[in-house]
Amino acid sequence: MIAETISLDEEAAVETDAARPVTVRKARMQDISAMARLINSYANNGIMLPRNELDLAESVRDFTVAEIGGRLAGCAALHFYTPVAGEVRSLAVAAADKGAGVGRLLVEALEHEARECDLATLFAFTYVPGFFTKLGFTQVDRNLLPLKAWKDCLSCPKFQSCDEIAMLKKLREVDLKPAPALGPFVQLPVVRG
Ligand SMILES: CC(C)(COP(=O)(O)OP(=O)(O)OC[C@H]1O[C@@H](n2cnc3c(N)ncnc32)[C@H](O)[C@@H]1OP(=O)(O)O)[C@@H](O)C(=O)NCCC(=O)NCCS
């Protein structure tokens with residue numbers, strides 16, 4: 001596989017398979033319907049959080065997409081939480097394109113973007129820790145993630161029974177400290193199992 005890095009406004013054609021070149025680029029408004037269909041095809045099975053088109057339009061600048069033959073093969077978003085921490089979210093690869101390196105290309109593009117923006121860490125909540133391990137992430141205690149990340153958990157249907165695994169990659173040396181204890185009105189999600 002030819003792994004190219006892309007800057008924020010470039011697009012890169014990357015060969016995962018000689019017959020099926022993958023183009024990785026920042027998302028545009030025209031991608032939103034296909035992104036919503038892809039993300040919600042997994043959300044319907046409880047694998048991902050649902051996203052609607054209005055919410056995707058609001059955060060379209062977070063998104064990078066992968067195209068094969070002009071059709072959406074995958075998408076992923078880099079969401080900034082603090083001046084040093086960002087989250088990989090809404091990562092989805094079309095069923096027909098799984099296992100061909102598209103997920104890797106998307107996360108590598110987000111990592112490149114995160115480094116360009118000088119982030120120190122990239123994290124994800126996921127049911128597929130093995131995939132993130134392949135990309136250099138390690139499992140961490142969720143208390144090491146920025147407190148602000150929990151605000152999205154408040155609106156999640158799985159708030160009190162969250163079973164997603166926190167994965168983190170340091171992009172440069174940084175001292176991670178557990179988040180301070182929360183007040184009585186906010187409770188962190190309970191991890192099952
Ligand atoms: C998880 C997902 C994004 C992976 O995308 P993909 O394009 O199939 O993955 P890639 O082909 O780029 O795989 C990269 C590496 O991870 C490995 N990998 C892929 N999926 C894996 C999984 N579920 N568990 C463990 N390892 C996995 C591959 O074997 C490959 O390893 P290699 O480099 O040693 O060959 C895709 O399966 C998907 O969209 N799943 C449904 C939605 C989802 O779970 N999203 C994650 C939300 S955080």
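Loop only per DSSP, at most 15 neighbouring Cβ atoms within 10 Å: give me the trypsin sites (Lys or Arg not before Pro) in the stretch 64-151, ordered by residue number. Qualifying residues, ordered by number: K98. Modelled spin-label separation between N143 and E116, with each label point placed 7 Å from Cα along the Cα-to-Cβ direction: 3.7 nm.
Shown is the FRET efficiency for D163 and R61, computed with R0 = 41 Å from the Cβ-Cβ distance and rounded to the nearest 0.05: 0.85. Treating r as the C-beta distance of R71 and V174 and R0 as 45 Å, the FRET efficiency rounds to 0.70.
Quick note: the coordinates plus some simple rules give every number you see, no bench work behind them. If you're wondering where the values come from, they're calculated on a predicted model, not measured in any experiment. A quick note on method: Cβ atoms are made from the backbone with ideal geometry, for glycine too, and the neighbour counts reach across all protein chains shown.
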